[in-house]
Amino acid sequence: MKAKFGLLGEVLGYSLSPKIHEWLFGALQLDARYDLIEISREAFAHEETMEKLRSLNGFNVTIPYKEMMIPLLDEIDSFAAEIGAVNTVLNQGGKLVGYNTDYYGFLESLKGVQDKLGQKKTAVILGTGGAAKMALRGLEAFGFEKIVFISRNPIEASKKFVNYECYDYSVAPIIADIMVNCTPTGQNPANMDMTFDASWFSKINFFFDLNYNPSETLLMKLAQSQGVQTMNGMRMLAVQAIKAEEIWWNRNMDVDALVKEVIKLIRS
């Protein structure tokens, strides 16, 4: 019987995940399919939704459910629990087990540009959701000394990220080695937050947008207008997808070789 996987999210028309995973299934000679599972926030925790998810062999999780999924799981990997967000779920004999493979994709992406990250003193994270939690752990592991959050609600953010500086979007441009966008802002004109302008990027060294579709986001263009080097989330997307496959099929894969092929696929 064909194994069933998918991506859980609220709005998924932009996603390249089906293309990536269907290619991986073919390359690895696996009998499986991958679908998009769009669920509204209102329907997210309903019994019907959970029945649908439990009918799958595994699934990925994206905005806005990376934190919301945790209390609905039967078990969570200790590392994902430490991060406080999941993006990959394995159905282990009817038991839903959560993992975080975004972290590995994030770290691999940083390794590829580490010579451009300056002295790694200060990092700015845009957003405070599940992706921001992952980015925090990744930046700390990479050696950044100070991490600052920008949020629409800095009071609530400071409760979630205790001992970190949290500001709203009216704050003056911050001097930083890297800024990481962990929000959907700038994927397309429809979700472009106009609180952003080019001055926001005038004092940073490098801009990493976790978004990947389009490959050059609106925020990346603003950063580039200030002479800032940028990177999108394409490599992170590829690595996290392959790591998810390793979990679903309980097998080690040649990640480096597969990443090269997946990135070619995405760009084609």
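The values are calculated or read from the model by the stated rules, or taken from the named source; none is laboratory data. A quick note: this is a predicted structure, and the numbers were derived from the prediction, not measured. Cβ coordinates were reconstructed from backbone atoms using ideal geometry, including for glycine residues, and neighbour counts include every protein chain displayed.
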Worksheet item: In the range 102-135, which residue that is touching a Ser or Thr at 6+ places or on another chain (Cβ under 7 Å) and buried (at least 24 other Cβ atoms within 10 Å of the Cβ) is nearest to A244 (Cα to Cα)?
Response: T128
Discussion item. If I filter the range 49-67 for residues that are within 22 Å of G127 (Cα to Cα), in contact with a helix residue (DSSP H, G or I) (Cβ under 7 Å, 6 or more places away or on another chain) and surrounded by fewer than 20 Cβ atoms within 10 Å (Cβ to Cβ), do I get at least one hit?
Written reply: yes
Practice prompt. Tell me, please, whether a residue that is in a strand (DSSP E or B), closer than 15 Å to L7 by Cβ and among the acidic types (D, E) can be found in the range 37-49.
Written response: yes
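Matching residues to (1) closer than 25 Å to A80 by Cα; (2) in a helix (DSSP H, G or I); (3) modelled with pLDDT of 95 or more; (4) among the acidic types (D, E):
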{"site": "V180", "(1), (2), (3), (4)": "yes, no, yes, no"}
{"site": "T195", "(1), (2), (3), (4)": "no, no, no, no"}
{"site": "L222", "(1), (2), (3), (4)": "no, yes, no, no"}
{"site": "A238", "(1), (2), (3), (4)": "yes, yes, yes, no"}
{"site": "A244", "(1), (2), (3), (4)": "yes, yes, yes, no"}
{"site": "E261", "(1), (2), (3), (4)": "no, yes, yes, yes"}
Response to the item:
Screening L24, L72 for residues that are crowded, with 21+ Cβ neighbours inside 10 Å, modelled with pLDDT of 95 or more and either touching a helix residue (DSSP H, G or I) at 6+ places or on another chain (Cβ under 7 Å) or under 16 Å from A131 (Cα atoms) (or both) leaves only L24
Response to the item:
Residues of the range 18-29 being within 21 Å of V61 (Cβ to Cβ), among the hydrophobic types (A, V, I, L, M, F, W, C) and in contact (Cβ under 8 Å) with a residue 12 or more places away in the chain, in sequence order, are I20, W23, L24
Worksheet item: Is it the case that Q229 is out of contact with any Cys (no Cβ under 7 Å at 6 or more places or on another chain) and modelled with pLDDT under 95?
Response: no
Worksheet item: Quick check: is even one residue across the range 242-251 closer than 17 Å to A132 by Cβ and of a type in the set (F, W, Y)?
Response: no
Response to the item:
Residues in the range 62-83 that are of a type in the set (A, V, I, L, M) and in contact (Cβ under 8 Å) with a residue 60 or more places away in the chain total 2
Worksheet item: Quick check, is L237 touching a residue at least 24 places away in the same chain (Cβ under 8 Å) and closer than 21 Å to D168 by Cα?
Response: no
